[in-house]
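The values are calculated or read from the model by the stated rules, or taken from the named source; none is laboratory data. Every value quoted in this text rests on a predicted model; they were computed, and no experiment measured them. Note that each Cβ is placed from the backbone with ideal geometry, even for glycine, and that neighbours are counted across all protein chains shown.
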Amino acid sequence: MDFPAPATLIVCEMTGAADTGLERLREYRRLFSQALIGRERTASGVRFRFRGQPGTEAWVRDLATREKACCAFFTFTITALGEEVRWDATVIDDDIARAILEEFYALPDTVADGPEGAYDRFTRQRLQFTSDPRDRDLVPAPDDLRPRPQPGVMPAPPANTTRAGPSWRGHRGRSR
């Protein structure tokens, strides 16, 4: 198990990721609808439980690897036990990291809210949220998560930066 260093910044940054935040949420939605059988809180974090059907373990491991690449403050452990694949998630000892862990736990219930819902929930917690402008240009399919956001609904990153997905900054304060 690879635990993050205590000084790990609380940032979810998808710069360089092959997918956008919206695409990642779509993947979670597919995974949850096809294989999720339960979730629970553990002594140190949360656990998603998936049916151990062919390909599920590799899918969960790939998604966990991509999440860890953008959110270094998480620790993920994937375990196959008989007919079940377990995805355990923990975070460093930090209030902001724990708030993000709570969002991760709620994801099966909130994934249909899309990036806008995450933005709203994080804003209510006074966490800064920057979205990927590429997500606005995607044309949703009829069965997509939600209608395409209207211009101005989500803030674009500053002109001198590039982001490839949602980015949560590790401080509480005024949201932009």
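Points to keep in mind about this one:
- When residues in the stretch 18-63 are screened for being buried (at least 16 other Cβ atoms within 10 Å of the Cβ) and among the hydroxyl-bearing types (Ser, Thr, Tyr), 3 of them pass.
- Of the residues screened, Leu145 is one that is at pLDDT below 80, within 30 Å of Ile37 (Cα to Cα), aliphatic (A, V, I, L, M) and touching a helix residue (DSSP H, G or I) at 6+ places or on another chain (Cβ under 7 Å).
- Of the strands (runs of 3 or more DSSP E) lying entirely inside the stretch 1-99, those containing at least 3 residues that are under 26 Å from Ala112 (Cβ atoms) and either polar (S, T, N, Q) or free of Cβ contacts under 8 Å to residues at least 40 places away in the same chain (or both) span 45-51.
- Residue among Arg66, Arg98 that is surrounded by 12 or more Cβ atoms within 10 Å (Cβ to Cβ), basic (Lys, Arg) and under 19 Å from Gln125 (Cβ atoms): Arg98
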